[in-house]
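A.B. asks: Please find one structure pasted underneath; my questions will follow.
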Protein chains: 4
Amino acid sequence: MTESISAERLAGLKEEFRRGFIAWVGYRVDEIDAGRLTSRLDVRPEHRQQDGFVHAGVLSAMADHTAGYAAFTLVPDDHRILTIEYKINFLRPALGPELVCRARVLRAGRSTLPCEADVFDRDGDREVLAARALLTMASVPATRLNRSPG
Amino acid sequence: MTESISAERLAGLKEEFRRGFIAWVGYRVDEIDAGRLTSRLDVRPEHRQQDGFVHAGVLSAMADHTAGYAAFTLVPDDHRILTIEYKINFLRPALGPELVCRARVLRAGRSTLPCEADVFDRDGDREVLAARALLTMASVPATRLNRSPG
Amino acid sequence: MTESISAERLAGLKEEFRRGFIAWVGYRVDEIDAGRLTSRLDVRPEHRQQDGFVHAGVLSAMADHTAGYAAFTLVPDDHRILTIEYKINFLRPALGPELVCRARVLRAGRSTLPCEADVFDRDGDREVLAARALLTMASVPATRLNRSPG
Amino acid sequence: MTESISAERLAGLKEEFRRGFIAWVGYRVDEIDAGRLTSRLDVRPEHRQQDGFVHAGVLSAMADHTAGYAAFTLVPDDHRILTIEYKINFLRPALGPELVCRARVLRAGRSTLPCEADVFDRDGDREVLAARALLTMASVPATRLNRSPG
């Protein structure tokens, strides 16, 4: 796993992380390093489901996007990351007021990067594991992005 | 698999489907029947990711919530559905302008209901399979909802 | 998805399917076509677990290998298939005396091929769905096989 | 998570682990504790696939069974464990001559127990992570075992 990523590239990815759907929901980068990313979300009323818990979709998107950008730190500058697939287990309902997601690349393959991501339900200093995900990311040359992940 | 669900209960679930995060993102029920649900989403700019595709998180939440409410049609009135886990494969980037999700229960167990959900990228009459999910739902008495899915 | 696979290549894959672990456990090809494969297993006492059901591992290996060879029918002759990952849901305990697995490729990407596989518990003419799997296969040039799936 | 499991019960589970399919393939318990299990396998020629690697099915069954018995240590004596589902990522081909699997329960729910399991390819003192699995186990009263996991 190459560890030679520049501080500039990390700063660029941190900025790029927060666009479109991700900015709209409110996720942000907390820490970024080669093969690792931590993100956070301040839970808002619109993130909840019918029973008052944070919607599983909010946790899933967080695990997916956080792992995707952890993978981004390990691929060439002219490559993009697409999610091939993932699986997520919901261990406990998340209540907020904050979520923290920690993701890391398990193996930096040439074209696929398996990752894991944990989503914690955070209240002050108390953190409880709410969900665990196992994900597969694809590294794709940007020039082939109009096509599909495969 | 009980097929005795009343039209009233179906109408109630259709209404209840669209709350909190789900209403905010914009998903809506198209068709609902015992063990089956079809939902739709008009893609908006805030649903997209950095490359212009619909964010994977939008597809995931749709698969999860649609399957969850398909499961809801097969459990007693005093039970709620929680997602234990799911896995989703992204087959092709989704572009919009519309997404359609079709979910069905594979087996209505007493406490767990495995389901499948397909998300289609739709443009006019053209539908392309964008993602496929395999999910496990838990049927939980409402009185135990303050606890966890297990 | 190319459908131009020759009868010779199909016959070769059918032969190659049954080697090593697969031959030892006893799986065999029933039908093979472009992007599709059906396999069978006569359940033997050594396939069972502590409660008398067929061991989940027997169903998993069947789903995995059958989907892998379904993918094999859609890649160039000098490529090999490796399993990147899969997920499997066990819907009902399998009793035998026979298992049938039907697998198909969902999308024949250049480097990854998502597949699905169903394992049926079969007794005479009665078939019951025992497990469903969603899998991701990698198409790898044979010359790079000493390395890893990524 | 109850830690009150007796040494007797652990010894009984260690014994029971190795039956039917599991004994036939050759898996054995190395260490067992509340919520944790380590198993081993001496790789034999019949465990390999067409390219000489250990068959993915051998790794999967190991992850599944090891996690299942890790879960067994945390349920009442009159309950049995059934696998609801699992997902496994293959990170690197396994060569042997030995496999080691370490599994642990992530959360001991009343009826479902999410677990994780890592399979290592071992040669002397060198261990390489070959596969990682995320699994959901069901705790079922033995009296209901003739029915299904749900």
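The values are calculated or read from the model by the stated rules, or taken from the named source; none is laboratory data. Keep in mind that this is a model prediction, so the values were computed, not measured. Ideal geometry is used to build each Cβ from the backbone, glycine not excepted, and the neighbour counts take in all protein chains shown. In case anyone asks, the SASA skips ligands and DNA or RNA and just uses the protein heavy atoms, side chains included. Shrake-Rupley method; radii C 1.70, N 1.55, O 1.52, S 1.80 Å.
A.B. asks: Pick from the stretch C:40-60 the residues that are surrounded by fewer than 24 Cβ atoms within 10 Å (Cβ to Cβ), assigned to a helix (DSSP H, G or I) and facing chain D (nearest Cβ under 7 Å): which of them is nearest to the chain's Cα centre (by Cα)?
C.D. replies: C:47
A.B. asks: Please determine whether any residue of the stretch D:11-27 is closer than 21 Å to residue D:86 by Cα, charged (D, E, K, R) and either part of a helix (DSSP H, G or I) or in contact (Cβ under 8 Å) with a residue 24 or more places away in the chain (or both).
C.D. replies: no
A.B. asks: Across the stretch B:1-29, which residue is modelled with the highest pLDDT among those that are among the polar types (S, T, N, Q) and under 18 Å from residue B:113 (Cβ atoms)?
C.D. replies: Checked the stretch B:1-29; the qualifying residue modelled with the highest pLDDT is B:4.
A.B. asks: Residues that are of a type in the set (Gly, Ala, Ser) and open to solvent by less than 40 Å² (accessible area, probe 1.4 Å): list the strands (runs of 3 or more DSSP E) wholly contained in the stretch D:67-150 that include at least 3 such residues.
C.D. replies: D:126-141
A.B. asks: Restricting attention to the stretch A:46-91, and to residues there that are of a type in the set (Lys, Arg) and within 25 Å of residue C:86 (Cα to Cα), which single residue is modelled with the highest pLDDT?
C.D. replies: Checking each candidate, the answer is A:87.
A.B. asks: Looking at (1) within 26 Å of residue B:107 (Cβ to Cβ); (2) modelled with pLDDT of 95 or more, which is the one condition that is false for residue D:111?
C.D. replies: Going through (1) within 26 Å of residue B:107 (Cβ to Cβ); (2) modelled with pLDDT of 95 or more one by one, residue D:111 breaks only (2).
A.B. asks: Among the residues of the stretch A:1-38, which ones are within 12 Å of the chain's Cα centre (by Cα), within 14 Å of chain B (Cβ to nearest Cβ), hydrophobic (A, V, I, L, M, F, W, C) and open to solvent by 10 Å² or more (accessible area, probe 1.4 Å)?
C.D. replies: Correct list: A:29 only.
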